[in-house]
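The values are calculated or read from the model by the stated rules, or taken from the named source; none is laboratory data. No experiment lies behind these values; they were computed from the predicted model shown. Heads up, the Cβs are rebuilt from the backbone with ideal geometry, glycines too, and the neighbour counts pull from every protein chain shown.
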Amino acid sequence: MASEEVVITEVADGIATVTINRPTKLNALNTAVREAFIEALGRLEADRDVRVAIVTGAGEKAFVAGADIAEFEHRTALDQFTASRCATVFSAAAAFRKPLIAAINGFCLGGGCELALACDIRIASATARLGQPEVNLGLIPGGGGTQRLARLVGVGQAFRLIYSGKMIDADEALRIGLVEEVVAPDRLMTRARELAAAVARKSPVALHLIKEAIQASLETPLAEGLRLETALLSVAFASEDKAEGVRAFLEKRAPVFTGRRPT
């Protein structure tokens, strides 16, 4: 693929790898990256051959080191307000209907950390560094950092990270629940693909319903969430994958899920 592509997508064995490709700029998010990333996720969501996606950054130094600060210099408050009301990489990642894994391979700061937060699972290289340094610019996180971070690691830890603007290492990120796994740098993509492959073998229908239910749990009271869960379970019962899963269990074989809805 052409080296000038700022977002590279590759698909193999049902797994899409989305690589933000500005390594000389530590994969900072600029307008071109944002537009290409949103377009890529839309395309992958529509691709029935894609079961799971992995997001990572090109090179060894950074997942995404944040926004491209050069774009901030002449941006007005109205410009920022207008941009925040449009589709963003964070909303696109959160709305992606298939499982989305962040493979964090270095600096994961500001908008990069917020992109990782919008993914379903985060696997970090042991050399990764994570944080929300916006306060150091006299700003606050604007891609979900004040909201998703607090929900993931707790209010106190979110205040500590965002107030201080400091980076933490991968082991501390694991301890507070900001990432789910830490692996050696040379194992990062292997481990991400292992996990993605295991997920890709599951029912696409069930995966979509699971994602909807867990995301709803962050925003709804328990009683409402439980009602949604039982409703989504009933939807799963209507799928061909449910029939295949039960048949395979009774026949003592591995199921072959297709993700087809009943006709």
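For region 10-19, the criterion of a residue being farther than 22 Å from Lys202 by Cβ, touching a residue at least 24 places away in the same chain (Cβ under 8 Å) and out of contact with any Pro (no Cβ under 9 Å at 6 or more places or on another chain) is satisfied by at least one position. Give me a count of the residues in region 215-226 that are closer than 26 Å to Ala118 by Cβ, free of Cβ contacts under 8 Å to residues at least 24 places away in the same chain and either exposed (fewer than 15 other Cβ atoms within 10 Å of the Cβ) or assigned by TED's automatic domain parsing to the domain that holds Asp120 (or both). Counting residues in region 215-226 that are closer than 26 Å to Ala118 by Cβ, free of Cβ contacts under 8 Å to residues at least 24 places away in the same chain and either exposed (fewer than 15 other Cβ atoms within 10 Å of the Cβ) or assigned by TED's automatic domain parsing to the domain that holds Asp120 (or both) gives 7. Among the residues of region 165-184, those that are assigned to a helix (DSSP H, G or I) and either under 19 Å from the mean Cα position of the chain (by Cα) or closer than 21 Å to Gly14 by Cβ (or both) comprise Ala170, Ala173, Leu174, Ile176. Remark: Ala236 falls outside the filter, which requires a residue to be in contact with an Asp or Glu (Cβ under 7 Å, 6 or more places away or on another chain), farther than 30 Å from Pro133 by Cβ, of a type in the set (A, V, I, L, M) and not assigned by TED's automatic domain parsing to the domain that holds Val55. The numbered conditions (1) out of contact with any Phe, Trp or Tyr (no Cβ under 9 Å at 6 or more places or on another chain); (2) over 25 Å from Arg97 (Cα atoms); (3) at pLDDT 95 or above are all true for Glu181 except (2). As a summary of the residue check, His208 satisfies the conditions (1) out of contact with any Ser or Thr (no Cβ under 8 Å at 6 or more places or on another chain); (2) in the same structural domain as Gly106 (by TED's automatic domain parsing); (3) within 30 Å of Glu240 (Cβ to Cβ) except for the one numbered (2). Exactly one residue out of Thr17, Thr24 is among the β-branched types (Val, Ile, Thr), over 22 Å from Ala192 (Cα atoms) and not in a loop (DSSP other than H, G, I, E, B): that is Thr24. Do we have Glu194 as acidic (Asp, Glu) and under 19 Å from Val18 (Cβ atoms) here? Taking the combined requirement at face value, the residue satisfies it.
Taking Arg253 as the residue in question, decide whether it is of a type in the set (Lys, Arg), more than 29 Å from Ala102 (Cα to Cα) and either in contact with a Ser or Thr (Cβ under 7 Å, 6 or more places away or on another chain) or assigned to a loop (DSSP other than H, G, I, E, B) (or both). So Arg253 fits the description; yes.
With respect to the conditions (1) farther than 21 Å from Val89 by Cβ; (2) among the hydrophobic types (A, V, I, L, M, F, W, C); (3) in contact with a Leu (Cβ under 7 Å, 6 or more places away or on another chain), Val155 lacks only one, and its number is (3). Among the residues of region 96-139, the one identified as in contact with a Phe, Trp or Tyr (Cβ under 8 Å, 6 or more places away or on another chain), in a loop (DSSP other than H, G, I, E, B) and within 13 Å of Gly66 (Cα to Cα) is Gly106. Only a single criterion out of (1) assigned to a loop (DSSP other than H, G, I, E, B); (2) small (Gly, Ala, Ser); (3) closer than 19 Å to Gly42 by Cα is not satisfied by Gly142, namely (3).
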